[in-house]
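The values are calculated or read from the model by the stated rules, or taken from the named source; none is laboratory data. Keep in mind that what you see is a predicted model, and the values were worked out from it rather than measured. Counting neighbours? That spans all protein chains shown, and the Cβs are built from the backbone with ideal geometry, glycine included. Note: accessible area is taken over every heavy atom of the protein model, side chains too, but ligands, DNA and RNA are not part of it. Shrake-Rupley method; radii C 1.70, N 1.55, O 1.52, S 1.80 Å.
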2 protein chains.
Amino acid sequence: MSCWLSGIDVDRYFDLRRGIDGYINIHPLQRGGMLPSDTKKTVLEFADGYSVCDYCLGDLHKTKRPPVSTFREDMAKFLGMDDCRFTHGAREGKFMVMHSIAKPGDTVIVDSLSHYSTYVAAERAGLNVVEVSNKGFPTYEVEFERYAEKIEEVSDRTRKPPVLIVLTHVDNQFGNVGDAKRVGEICKKYGVPFLLNGAYSVGRLPVSGRRAHADFVVASGHKSMASCGPSGVLATTDEWAETVFRKSKIVGNLTGKRFPIKEVELLGCTVRGLPLVSLMVSFPHVVERIKHWEDEVDKARRFIKTVERVNGVRKLGVRPHGHDIIDFDSPSFHTVSQKHRQRGYFLYHELKKRGIVGIAPGKTQRFHISTYGLTVEEVEKVANAFLEMAEKYKIAIK
Amino acid sequence: MSCWLSGIDVDRYFDLRRGIDGYINIHPLQRGGMLPSDTKKTVLEFADGYSVCDYCLGDLHKTKRPPVSTFREDMAKFLGMDDCRFTHGAREGKFMVMHSIAKPGDTVIVDSLSHYSTYVAAERAGLNVVEVSNKGFPTYEVEFERYAEKIEEVSDRTRKPPVLIVLTHVDNQFGNVGDAKRVGEICKKYGVPFLLNGAYSVGRLPVSGRRAHADFVVASGHKSMASCGPSGVLATTDEWAETVFRKSKIVGNLTGKRFPIKEVELLGCTVRGLPLVSLMVSFPHVVERIKHWEDEVDKARRFIKTVERVNGVRKLGVRPHGHDIIDFDSPSFHTVSQKHRQRGYFLYHELKKRGIVGIAPGKTQRFHISTYGLTVEEVEKVANAFLEMAEKYKIAIK
C-alpha cells in the first residue's frame, strides 16, 4: 500500500514552535492579530475541524450556535454597513467583489500604495489596473486630488467608466492613513463603486463605511482584529448585497439538485472553522480597543521621536504620523552593516539579543515595525534598544 | 465617535462553548477533522493571526520555519502527485482549477453524488455542469461505465470536449467509494483532465493520484486530515503546475511594481495561519492512520450489522460498505416520530440522553453518521443506543 509514501520524513512536523516566547514582537504584520487571553481559551474548544457546524442548518451565516447570525449583523453595524459575510481575509473579499461586479477587461483604479494582493486579485479577475500616484519620498502621500481626473481619463480612454475604485485605507508600508471620505465623495459624484480596504484600519481605529461613502469594506481578522488566520470580513450596502452575495441558481441536469441557500462567491461557506470563532470571541475586545486608538497613535509618535534621535534615521510617510505601522529610513545603520561581520543581519541580531523580534532579517537601509498594543514600557524598551545600538556602533545621537 | 456602534451587544460573544464535551460525536462532517492531542498543544503556540509568517520571505509555500517548504513536498508525495499548494479547503481547490483551465461557457462533467460545492465552484467559474447518473435507491452507485459516453455526448453537442471531469472519491451522503482508477483511465483515453475530489478520502484512506491517473487531487484538512478549518490541499502534476500555480505578471502602470513570486490563483498566499500549522502537526498522525483504514471499515460494517437489526432500518449505498460515513433509511423510527411529543426531534434527544451527539436534529426518515476514529466500545455504545430506542418504542429487533 505504502510504496509511494516512502521518503516522507514526518519527524520534522512534531512539536513545532515559533521560538519567540518571551520576546517583544514588533512585526508589522502581526501586532494587530494577536489574540487576547480570553480568545486563546476558546481556541481549544473550537480547534477541531468543522467545529462551527455542530448546529448548522446549511448556511454558515445563519448559524445560531455559535451566534454567527447575530455576529453578522453586529459586524455590519461595527463597519457602518448594511450587511457582511466572513471571509478568509481582505484579499479574498476584494476578489469576491471584483469577480462579482466586473468583467475581464474592465478597469479598476487603485492607489499606488496598494497591497500586492489588490493587484493580484484584479489580475485573477482579469481586470486592468490604473494607479493613482503618490508624492514619493519622503511622504509617499497618495494624491487624492487626482482621483477625479483618473476616473475621467479611464472613461475617455476605455469608453467605459472604471468598474471599481479601491482605496487602501492604511497602507502596509508607511502606515499612511488615506482620506477615505474624500475618495468616497469623488466616487459618489462619478457613480463609481468604492471599495475601502480596511486590512490595517478596521479593528484598530474606528471605521464607518457609510461615512466614507463606501460600497464595500474589506477587513482582515488576522491583521487587525485579534484573530486567528485566515479570517476577514466583506461588508456592503443593501444595493450591492444581492450581487455580491448572490445565491446559487445552478440545477443538476439529471438530478435536478439545486442549492438556493448557497452563495456563489462564498462557494457556500467561507471561513468554516476556528478563525471565525476567534473573530467572534475577540469582537468585544476589538469594539473596546478602537476607542483607544489615539493612545496607540501617541505611542507610535513617542517611539518615532526617540528613534529619530539617532542620526540619519528618519520615519518615512506623512507627518504627523497617524498609525502604529512605521517605516524608517536608516542610512546610518546601513553604513554600520557594510563593515559588520553579520552584514545586514546585525540589526536583527542586536535586537534579538535585547529581547526584540519582528524586523525583517538582513535589512538595515530601511526597517519596518509596529508598536500596536505594546505597553508604554515595551515601547520605551524597543526605542532605547535603537539608541543603545547607535551608541555601540558610534552613530551620533541628537 | 461611536454613534454607529450603539446597538452592538458584545456580551453574547464572551466565552463561547460548543456544549458537547464528554459526548460521543458521530457528526459525519466532523469525525475526520478532530485534532489529536499533540496538535491541540501546538494550536495555542500558533493561534495569533499571522503566526506562520515569522520567518516568511514573501512566499508562504517556501517558508522554512515552520517547515511549509518541505511539507509541500511531503504532501505531494503523500498524494502521489508532483506538487501541491495548501488551500482553505477542497472547494477552493476545485474553483482554482476550474478558474485556471476553463473559460466561461465550458462544460465540466461531474458524478451525480457530487458535493454541492462542486456545482457552486463550477457556477462561480461560469461553467456548465453535466452529471453522470447513479443507480438510485438503494445503492446510488455512480454509473462509472457511462463516463465515456458522457464525454462523447458533450463533445458532440458542444463541439468541444469537456474541460474537466470531477469525481467525488467518497461522497458525503452515502459514503460510496468511487472507482477513481476506472474514471481516470477513461479520462486519459479521451485526453480530458481529471480532478479527484478527496475531501472524504485523503487523510482517511490511502489515495495515490498517480495511480488514479488524476491531473488534480483536492483534499480537506478539516474534513479528513485531523486539522482546524479552513484548510485543504490542491495537488497536481508537473504538466499542470505552471497553469494552476501561475505567477503574477501584472505591472503597476505608474509604479512599475511587479509581484513575480506571487501565485495568482492563491492571491499570493492562501491558508496563512493556524489551520496550516494544524495540518502540518497532524500530518505524522494522518500518515500513520491511513494504514489502519481497513479497521475503520470493519468498525463501520459491525455498526451497520447491529443497527440493521432494528426492523425497517437499512443502510443506503453500495454493499459491502467501504467507508465510515453511513446513511440509514429508517421508516420505523419515522413512524415513531409521527406520534411522539417531540416529533422528528425525538431521535436527537434520545441519543443525547445516551451521551451521543451529531445527528441532524429533526430528522428520522433518514439519519446520517460516521464511526471514524471511535473506539470499538464507543461504536458498540452508539449501536446499542439504537437497539435500546427500538425496544423503548416497540420496534421489532431481528
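Would you mind listing the distances between the B:K64 label point and the same position in each other copy? Use 7 Å along Cα-to-C-beta, nm, one decimal, shortest first.
So the distances to the same position in the other copies read 5.4 nm.
Just to make sure I understand: if all protein chains stay in place, what is the order of B:I101, B:I26 by accessible area at 1.4 Å, largest first? Spell out each step's value before the answer.
Numbers: B:I101 35, B:I26 0 Å².
Listed by decreasing accessible area, they come as B:I101, B:I26.
Can you tell me the convex hull volume per residue for the protein assembly as shown, based on C-alpha atoms, in Å³ to the nearest whole number?
Details: hull volume 124.2 nm³, N = 796.
Expressed per residue, the convex hull around the Cα atoms of the protein assembly as shown is 156 Å³.
Would you list which aspartates and glutamates come within 16 Å of B:K257, measuring only between C-alpha atoms, while excluding same-chain residues fewer than 8 positions from it?
The qualifying aspartates and glutamates are A:D111, A:E123, A:E131, A:D171.
Carbon and sulfur: what percent of the range A:48-156's accessible surface (1.4 Å probe)? Before the final figure, lay out each step's value.
Working: 1550 of 3260 Å².
Answer for the range A:48-156: carbon and sulfur cover 48 percent of the accessible area.
Starting from one equal scatterer on each C-alpha and no solvent at all, send me the Debye-based log10 I(q)/I(0) for the range B:26-93 at q = 0.12, 0.14, 0.16, 0.20 Å⁻¹, two decimals.
Taken in order of the listed q values, log10 I(q)/I(0) reads -0.42, -0.58, -0.76, -1.12.
Could you state, as a whole-number percent, how many of the C-alpha pairs of the range B:206-274 are farther apart than 20 Å? Display every interim value, and only then the final one.
On the way: 1090 of 2346 pairs.
In whole percent, the share of Cα-Cα pairs in the range B:206-274 beyond 20 Å is 46.
I need to check one value: relative contact order of chain A, counting alpha carbon pairs closer than 8 Å and at least 6 residues apart, in percent. Spell out each step's value before the answer.
On the way: 781 pairs, mean separation 80.6, N = 398.
RCO, chain A: 20 percent.
Tell me the carbon and sulfur percent of the accessible area for the range A:200-335, rounded to whole percent, probe radius 1.4 Å. All intermediate terms of the calculation are to be shown ahead of the outcome.
On the way: 2230 of 4310 Å².
Carbon with sulfur: 52 percent of the solvent-accessible area.
What accessible area, in Å² to the nearest ten, does a 1.4 Å probe give for A:R157?
It works out to around 150 Å².
Distances from A:G362 to the same position in the other copies: list them in nm, one decimal, shortest first, using label points 7 Å from Cα along Cα→Cβ.
Counterpart label points of A:G362 in the remaining copies fall at 5.6 nm.
Using only helices, what value at 222 nm comes out for the protein assembly as shown when you add -39,500 (n - 2.57) per DSSP H run of length 4 or more and divide by the total residues, to the nearest 500 deg cm²/dmol? Walk me through the numbers before you get to the answer.
Working: 26 runs with 280 residues, N = 796.
My calculation for the protein assembly as shown gives -10500 deg cm²/dmol from helical runs alone.
How much accessible area per residue does the protein assembly as shown have, counting only protein heavy atoms and a probe of 1.4 Å, in square angstrom? Present the calculation step by step, with values, prior to reporting the outcome.
On the way: 29520 Å² over 796 residues.
Accessible surface, normalised per residue, equals 37 Å².
Please give the residues from the range A:75-121 for which the solvent-accessible area of heavy atoms, probe 1.4 Å, is smaller by at least 40 Å² with all protein chains in place than with the chain isolated.
The answer is A:K77, A:H88, A:R91, A:E92, A:H99, A:Y116, A:Y119, A:V120 - residues whose exposure falls by at least 40 Å² when every protein chain is included.
Please say if chain A is rounded, prolate or oblate, where rounded means a/c under 1.5 for a ≥ b ≥ c the square roots of the C-alpha gyration tensor eigenvalues, and otherwise the choice is prolate for a/b larger than b/c and oblate otherwise? Don't skip to the answer; put the middle values down first.
Working: a/c = 1.85, a/b = 1.31, b/c = 1.41.
Since a/c reaches 1.5 but b/c is at least a/b, the shape of chain A is classed as oblate.
Where does each of A:F245, A:F137 land when they are ordered by accessible area, with a 1.4 Å probe and the largest first?
Numbers: A:F245 10, A:F137 110 Å².
If we order A:F245, A:F137 from most to least accessible, we get A:F137, A:F245.
Suppose every Lys and Arg Cβ carries +1 and every Asp and Glu Cβ carries -1, with no other charges. What dipole size does the protein assembly as shown come out with about its Cα centre, to the nearest 20 debye? List each step's numbers first, then the result.
Values: 118 positive and 98 negative charges, 67 e Å.
The calculated dipole for the protein assembly as shown is roughly 320 debye.
Obtain the radius of gyration and the Kirkwood radius of the range A:1-138 from its C-alpha atoms and give Rg over Rh. Walk me through the intermediate numbers first.
On the way: Rg = 21.1 Å, Rh = 19.9 Å.
Rounded to two decimals, Rg over Rh is 1.06.
Between the chain alone and the structure with every protein chain in place, find the residues of the range B:205-227 that drop at least 30 Å² of accessible area; heavy atoms, 1.4 Å probe.
B:P206, B:R211, B:H222
Where does helix B:274-289 land angle-wise versus the long Cα axis of chain B, in degrees 0 to 90, nearest 10?
60 degrees
Classify the range B:229-329 as rounded, prolate or oblate, taking a ≥ b ≥ c as the square roots of the eigenvalues of its Cα gyration tensor: rounded when a/c is under 1.5, otherwise prolate if a/b is larger than b/c and oblate if not. It would help to have the intermediate numbers written out before the result.
On the way: a/c = 3.52, a/b = 2.92, b/c = 1.21.
Because a/c hits 1.5 or more and a/b exceeds b/c, the range B:229-329 counts as prolate.
Once you charge only the Cβ atoms, +1 for Lys and Arg and -1 for Asp and Glu, what is the size of the charge dipole of the range A:263-377 about its Cα centre, to the nearest 20 debye?
840 debye
With Kirkwood's inverse mean 1/r over C-alpha pairs for Rh, give me the Rg to Rh ratio of the range A:97-187, two decimals please.
On the way: Rg = 12.7 Å, Rh = 13.3 Å.
Result: Rg/Rh = 0.95.
Give me the summed buried accessible area for the A-B pair, 1.4 Å probe, to the nearest 100 Å².
Buried area (both sides, nearest 100 Å²): 10200 Å².
Please list, short to long, the whole-number percent of alpha-carbon pairs of the range B:253-303 in consecutive 10 angstrom bins beginning at zero.
Bin by bin from 0 Å, the calculated values are 19, 24, 23, 18, 10, 5, 2.
Taking all pairs of distinct Cα atoms, average 1/r, flip it, and tell me the Kirkwood hydrodynamic radius of the range B:139-241 in Å to one decimal place. Could you put the intermediate results ahead of the total?
Numbers: mean 1/r = 0.0701 Å⁻¹.
Evaluated on the range B:139-241, it is 14.3 Å.
Inter-copy label distances at B:D38, 7 Å along the Cα→beta-carbon direction, one decimal in nm, shortest first?
Copy-to-copy label distances for B:D38: 3.5 nm.
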